[in-house]
Amino acid sequence: MGKRAGMQAKTNRYGYFFVLPFVIVFLIFNFWPTIYTFLLSFGNLEGLRVDFDFVGLANYKRLVTDKYFWGAVGNTFIIWGLNFLPQLGLALLFAIWLTDVKLHIRGKNLFRALFYLPNLLTAASVSLLFRSLFGHPIGPINQILMKFGLIDKAFNFFRSGTASRLIVAFIQWWMWCGQTLILLMAAITSISPSLYESAVIDGANDWQCTWKITVPLLRPMMFFVLVTSMVGGMQMFDIPFLITGMHGEPDYKIRTSAVYMYNIGFQGKTNYSYAAAISVGVFIITTVLAVLINKITEERKPRKRRAFVAEGGAK
């Protein structure tokens, strides 16, 4: 017994050695930068200074009343909403089709690869691609629209705030819809076939099986997709930053919170402390929203009915 315990302790020590590289990398490149950002938000480091003075909550007071910050947060949610709603809807629709054994769709693996392929492209290349496609005045999209008589003259998409937002939202949808599709397909394939067999025996059709079995059992995965998509949306940076002039043009309509943080911290006055406060503010907003979404979407336990007993029996 003692020899077995000694071997177990020796095995555990080897486990610590294998985990140690990850822990070291995590502490250096993730944990410490997070703590340093939090500490930096309480100072006044900017420009070429190497030290900073403690200013307390001054940066956060400025953040609460900063209309440009809240405008960037609003832009972030608008673009994310325009991207996420069609992304989840279409991914759910295709996931149900591709996992339905009755349809006998050939080449399912090919469809999965084609849907996921845009996710493998770099944001810089995608930004340049769509900037060229919607270019003014000789971009391919303008040429096609004029050829079919849909517009009389070339339209400058990147001078329109609405068009720019729709383009960025479409790019985000195009790049991430494949990942959502793969996750939903994995969740659907994990549902027991016996549930569908029992429903069919009871007389349920395909539509009822989908809405009464598949969709309710996908709630945990859809909640995961919602939260991770929201976190990623709050960190949306590369596409809005690269597709126009690196400041969220036109008229700052596609300047997200991450782009605004970069503009403050690394362009102009390079106010690192205020940029750190912006990042902490985005973190707080994301955390609060994740908790609220969890509270709203969690399954509610049925209330227990109180038994009222009178002299004549139970009522």
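The values are calculated or read from the model by the stated rules, or taken from the named source; none is laboratory data. Since this is a predicted model, take the numbers as computed values, not measurements. Heads up, the Cβs are rebuilt from the backbone with ideal geometry, glycines too, and the neighbour counts pull from every protein chain shown. Heads up: the accessible areas ignore ligands, DNA and RNA and are worked out on the full protein's heavy atoms, side chains in. Shrake-Rupley method; radii C 1.70, N 1.55, O 1.52, S 1.80 Å.
Within the chain, what whole-number % of the accessible surface is contributed by carbon and sulfur, with the 1.4 Å probe and all protein chains included in the calculation?
68
Mind listing which trypsin sites (Lys or Arg not before Pro) in the stretch 6-84 are in a DSSP loop and have 14 or fewer other Cβ atoms within 10 Å?
49
For the stretch 24-148, what is the relative contact order in percent, using Cα pairs closer than 8 Å and at least 6 residues apart in sequence?
8
Tell me the mean residue ellipticity at 222 nm calculated for the chain from its helices only (DSSP H runs of n ≥ 4, each -39500 (n - 2.57), averaged over every residue, nearest 500).
Using -39500 (n - 2.57) per qualifying helix, the result is -20500 deg cm²/dmol.
Calculated from the structure, Rg and Dmax of the Cα atoms in Å equals which of [x] 22.0, 75; [y] 21.7, 71; [z] 26.3, 88?
[z]
With Cβ to Cβ distances under 11 Å as the rule, what net charge do the other residues near residue 204 carry (K, R +1; D, E -1)?
Local charge sum for residue 204: -2.
Amide H of residue 46 versus every other amide H placed in the peptide plane: which residues, excluding those fewer than 5 positions away on the same chain, fall under 5 Å?
Close amide H contacts, sequence-distant or interchain: 272.
If you average 1/r over every pair of different alpha-carbon atoms in the stretch 51-204 and take one over that average, what Kirkwood value in Å do you get?
When all Cα pairs of the stretch 51-204 are included, the Kirkwood radius is 19.6 Å.
Where Lys and Arg each count +1 and Asp and Glu each count -1, what net charge lies around residue 108 among other residues with Cβ under 15 Å from its Cβ?
In short, +2.
At 1.4 Å probe size, put 54, 224, 130, 237 in order of accessible surface, largest to smallest.
Listed by decreasing accessible area, they come as 54, 224, 237, 130.
So what is the relative contact order for the chain, in percent, with contacts set as C-alpha pairs under 8 Å and at least six apart?
Here the relative contact order equals 26 percent.
What trypsin sites (Lys or Arg not before Pro) does the stretch 101-183 have in DSSP loop regions with at most 13 other beta carbons within 10 Å?
The qualifying sites are 102, 106, 153.
Leaving out ligands and nucleic acids, note down the accessible area per residue over the stretch 1-130 with a 1.4 angstrom probe, in whole Å².
72
Put 18, 158 in order of accessible area, largest first, 1.4 Å probe: what do you get?
18, 158
If you rank 65, 256, 99 by how much accessible surface each has, with a 1.4 Å probe, what is the order from largest down?
Of 65, 256, 99, the descending order of accessible area is 65, 99, 256.
Across the stretch 225-239, in residue order, what do the Karplus-derived ³J(HN,Hα) couplings come to in whole Hz, using 6.51 cos²θ - 1.76 cosθ + 1.60 with θ = phi - 60° and x for Gly and Pro?
With the stated coefficients, the stretch 225-239 comes to 5, 4, 5, 5, 5, 5, 4, x, x, 5, 9, 4, 9, 5, 5 Hz.
Please give me the summed charge of the neighbours of residue 142: other residues whose Cβ is under 15 Å from its Cβ, Lys and Arg +1, Asp and Glu -1.
Summing Lys/Arg as +1 and Asp/Glu as -1 gives +3.
Please report the accessible area of residue 291 (heavy atoms, 1.4 Å probe, ligands and nucleic acids excluded) in Å², nearest 10.
Roughly 80 Å² of residue 291 is accessible to a 1.4 Å probe.
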